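Here's the structure we're looking at; comments come further down.
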Amino acid sequence: MTNLAPIPPHWSRVHLSHLSDIPITNGVGEAAQEYVEDSVRYIRTTDIAGLHHLDDAKMVGLPRDVASAALVQNGDLLMTAAGSLGTSYLVQLSEPACYAGYLVRFRAHPARANARFVAWWTQSRDHLDQIAVGAVRSTIDNFSAGKFRSMSVPRPPLEEQRAIADFLDRETAKIDALIEKQTELIGLLCERREAVIESALESDGPLVALGYLVECLPGYAFNSEEFSGDEVGVRLLRGINVKPQSTDWSDTVYWPEEPASNLARYRLEVGDIVLGMDRPFIGDGTRVTVIQQTDLPCLLLQRVLRLRARPSSSPRFVFHALMTRSFREYAIPEFTGVSVPHISDKQVRSWRLRVPDLTTQDQLARRVEAEVSQINSVIARTEEFIALAKERRAALITAAVTGQIDVSGETS
């Protein structure tokens with residue numbers, strides 16, 4: 001049982017079903033089809049990009065006769081019932097649409113609820129805590145339509161609901177604009193960092209395949225059924241743990257210690273370079289980093305590539321070379337896979353780059369590090385600003401929908 005947030009004395013708490021004009025139900029469980037002119041847009045959990053946004057790149061449809069069982073109208077609120085619980089979308093579309101079976105639909109009763117207020121409530125801690133307590137945890141977390149109907153919703157007077165929604169529309173838009181500007185700044189800084197690395201590593205050395213500089217080892221195909229979430233055994237370095245210039249162990253699985261003893265070649269060492277082979281390039285750069293003492297002990301899992309420098313090469317030089325535009329422009333046309341771009345160890349080894357002598361490699365690497373460290377520092381501060389802005393946004397929403405903020409000035 002979750003502890004519900006206190007609310008003002010003139011408010012009440014009611015079940016979500018009490019505020020709905022129609023039954024809260026799941027959509028149709030049909031396989032998505034290509035969206036064509038005569039079809040109806042089919043909204044799935046994966047299409048929702050935010051409370052007010054859908055991802056148009058993922059647009060799919062259903063035939064009109066099938067879609068008719070789950071049509072939505074503007075002002076309807078769609079909430080995820082499986083998978084990414086806590087995600088919701090307030091419908092505002094110019095074309096007809098229907099919704100999928102992993103979503104539930106809420107339609108506000110005009111005399112009891114303001115749809116925008118309820119939509120903002122779904123972004124609050126008050127809503128998310130109830131989801132966390134009531135969710136059925138399995139391979140795909142789920143929260144039934146019946147549980148949605150029984151959720152406890154703060155209910156201020158209708159005019160106050162409208163005022164709170166107006167307040168949040170305005171204030172979150174300001175925060176979102178700041179976040180967008182800072183996100184754009186990070187993109188520019190990443191481009192600048194890439195250009196600095198590219199320029200600093202330029203040399204007139206011979207053109208050499210990367211495989212002559214490093215030993216490459218793809219990870220081992222450990223049986224996922226034997227993974228453990230308990231902190232017992234040896235950590236497995238998966239693709240999800242490899243970020244641009246860092247490792248992230250927030251999502252960690254372990255392999256029992258005894259079987260691990262037979263897999264010595266997959267034990268990573270300080271200074272090893274690791275590259276995510278699935279989707280190696282993301283917005284922040286190349287998913288490549290260097291193993292530190294704090295990462296050990298750990299074992300290399302499949303779809304992560306270990307590159308260990310040979311005596312004739314500088315690991316720092318190789319690491320920075322993998323972050324260049326030249327490597328990305330080489331790798332992208334070589335990708336295999338459709339939904340998840342993948343690069344093989346052979347393709348990595350075959351990349352050709354100009355390589356000076358070992359002393360010059362180290363000199364160039366030091367030059368890169370001196371310039372890049374300043375850019376990374378600005379990126380880190382900007383990311384911290386964005387994180388704080390998102391925390392403030394979330395706190396503001398929760399405070400407003402539970403009556404902790406006086407929005408009396410918003411009422412007409």
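Rule-based calculations on the coordinates, nothing more; no lab input. Values in this document were obtained by computation on a predicted structure and should not be read as measured data. Here the Cβ positions follow ideal geometry from the backbone for every residue, glycine too, while neighbour counts run over all protein chains shown.
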Connecting every pair of Cα atoms under 10 Å apart in the chain and solving the GNM, the largest mean-square fluctuation among Ser20, Ser250, Ser203 falls on Ser250
Vicinal HN-Hα couplings computed from phi for segment 50-57 (Karplus, 6.51 cos²θ - 1.76 cosθ + 1.60; Hz; Gly/Pro x) = x, 4, 10, 9, 10, 8, 5, 5
Sequence-distant aspartates and glutamates (8 or more away, or on other chains) whose Cα lies within less than 14 Å of Lys243 = Asp251, Asp278, Asp284, Asp295
By how many nm would the segment from Glu383 to Arg170 grow when fully extended, if each residue of separation counts as 0.36 nm and the alpha-carbon distance is taken off?
-> 74.3 nm
Looking only at segment 215-238, which residues have a backbone nitrogen under 19 Å from a spot 7 Å from the Cα of Leu358 in the C-beta direction?
-> 215-216
For Val253, residues with placed amide H under 5 Å, excluding near neighbours | Leu236
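So if a site counts as exposed when it's one of the GluC sites (Glu not before Pro), its DSSP state isn't H, G, I, E or B, and it has at most 15 other Cβ atoms within 10 Å, what's the longest stretch of the chain without one?
Details: sites that count: Glu37, Glu202, Glu231, Glu269.
The longest uninterrupted stretch comes out as 38-201.
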Across Arg393, Arg105, Arg349, the residue with the highest GNM fluctuation in the chain (Cα network, 10 Å cutoff) is Arg349
Computed label-point distance, nm, for sites Leu189 and Ile332 using a 7 Å Cα→Cβ extension = 2.3 nm
Which length gain, in nm to one decimal place, applies between Gln374 and Asn74 when the Cα-Cα distance is subtracted from 0.36 nm times their residue separation?
-> 103.2 nm
Farthest toward positive dipole pole in segment 1-73 [+1 Lys/Arg, -1 Asp/Glu at C-beta], among Pro6, Ala31, Thr45 = Pro6
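Restricting to DSSP H runs of at least four residues, report the calculated mean residue ellipticity at 222 nm for the chain, -39500 (n - 2.57) per run over all residues, nearest 500 deg cm²/dmol.
-10500 deg cm²/dmol, from helical runs alone.
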Point-charge dipole on Cβ atoms (K/R +1, D/E -1) for the chain, about Cα centre, debye to 20 | 220 debye
Mind pulling the angle between the C-alpha long axis of helix 358-401 and the longest principal axis of the chain? Nearest 10 degrees, somewhere in 0 to 90.
-> 10 degrees
For Val136 and Leu4, what does the FRET efficiency come to when R0 = 25 Å and r is the distance between their Cβ atoms, rounded to the nearest 0.05?
-> 0.75
Nearby lysines by direct alpha-carbon distance to Lys390 (threshold 18 angstrom, same-chain neighbours under 8 apart not counted) | Lys174, Lys181
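When a/c reaches 1.5 or more, the comparison of a/b and b/c decides; with that in mind, is segment 180-271 rounded, prolate or oblate per its Cα gyration tensor?
Values: a/c = 3.79, a/b = 1.50, b/c = 2.53.
In terms of gyration-tensor shape, oblate.
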Which of the chymotrypsin sites (Phe, Trp or Tyr not before Pro) found in segment 166-253 are in a DSSP loop and have at most 14 neighbouring Cβ atoms, other than their own, within 10 Å?
-> Trp249
16 Å reach of a label modelled at Glu37, 7 Å along Cα-to-Cβ, counting backbone N of segment 51-76 = 64
Could you pull out every residue, at least 5 positions away or on a different chain, whose amide H is within less than 5 Å of the one on Leu54? Hs are placed 1.01 Å off N in the peptide plane, and Pro or chain starts have none.
-> Ala49
Find how many whole Å separate the alpha carbon centroid of segment 215-276 from the alpha carbon centroid of segment 318-391.
-> 21 Å
Amide H to amide H, which residues 5 or more places from Val14 or on other chains are under 5 Å from it, using H placed in the peptide plane?
-> Val153, Arg155
With Cα coordinates, the longest principal axis of the chain makes an angle with the long axis of helix 158-200, in degrees rounded to 10, of 10 degrees
Calc'd 3J(HN,Hα), segment 284-298, phi into Karplus 6.51 cos²θ - 1.76 cosθ + 1.60 (θ = phi - 60°), Hz, glycine/Pro = x, comes to 7, x, 7, 7, 9, 8, 10, 5, 10, 4, 5, 7, 9, x, 7
